[in-house]
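Taking it in order: structure first as structure tokens, then the write-up.
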Amino acid sequence: MTKIALGTVLGGLILFFWQFLSWGPGNFHRSQMQYTPIQEQLLSCLESSNLPEGEYFIPNKSPKTSQEDYQKIVAEKWIGKPWARIQYHHDFQNTMPMNLFRGLVIDLLSAFLLCLVLVGDPTLNIRKVVVTSLAIGMIAYLTIPYLDSIWFKSNSLPDLLDAVMPWLLIGLVLGKILPIKKK
């Protein structure tokens, strides 16, 4: 149990500090949060439209539109035209302390789950730990950010870096901690 606790803490801290580096000083995600000089006009337009908070894909079909009619509308009106995804919120708030806390809890939980997966293997060695850790990072990347980038044509390379680097580091650290030494 001590190895799992140590692996959880070290793995969670590796994830937490990698995310700090990736989103903060490293600014690896800058292409996913670009600046536009017309941000004031865009926000003013959204605010004045009384748009409810939420996530939007524009253009999209009305709930009253049938799938057949939607296909016709797409073919006639939208192919080759602009489109957007919007996450809209009414008020910008500084929730950094709670976000950091929640992020740390999720990172610790993720490392704990990885440790649980690994410790059940009686033939565990550093190679298995590193490969399993990388596989979990890649599964998370492929099934969420990469799939999202396929449908919405977004840049997921920063997310790939976030899937490989910290999980590789975690695998290397856990590979030294978790395997049971043979007597």
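The values are calculated or read from the model by the stated rules, or taken from the named source; none is laboratory data. Keep in mind the model is a prediction, meaning the values are calculated, not measured. Using ideal geometry, Cβ is built from the backbone for each residue, glycine included, and neighbour counts are taken over all protein chains shown. Side chains are part of the model used for accessible areas, which takes the heavy atoms of the whole protein and leaves out ligands, DNA and RNA. Shrake-Rupley method; radii C 1.70, N 1.55, O 1.52, S 1.80 Å.
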The chain: relative contact order in percent, alpha carbon pairs under 8 Å with at least 6 residues between: 37 percent
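Of all the accessible heavy-atom surface of region 17-133, with the other protein chains kept in place and a 1.4 Å probe, what percent is carbon and sulfur?
Values: 5680 of 9220 Å².
Carbon and sulfur atoms account for 62 percent of the accessible area of region 17-133.
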Sorted peptide list for 60-73, 164-177, criterion being average Cβ within 10 angstrom, highest first: 164-177, 60-73
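Mind ordering 127-139, 4-16 by average Cβ neighbours within 10 Å, highest first?
On the way: 127-139: 17.4, 4-16: 19.2.
Going from most to least packed, we get 4-16, 127-139.
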Listed candidates (i) 53; (ii) 41; (iii) 32 - label of the one calculated as percent of Cα pairs over 25 Å apart: (i)
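Taking each pair of different alpha-carbon atoms in region 97-181 once, compute 1/r for the pair, average those values, and report the inverse of that mean as the Kirkwood hydrodynamic radius in Å to one decimal.
On the way: mean 1/r = 0.0721 Å⁻¹.
About 13.9 Å, per the Kirkwood formula over Cα pairs.
Calculate, for region 21-100, the solvent-accessible area per residue in square angstrom, rolling a 1.4 angstrom probe over the heavy atoms of the protein chains.
Working: 6950 Å² over 80 residues.
I get 87 Å² per residue for this part.
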Assigned charges on the beta-carbon of Lys, Arg, Asp, Glu; region 91-160 dipole about Cα centre (debye): 200 debye
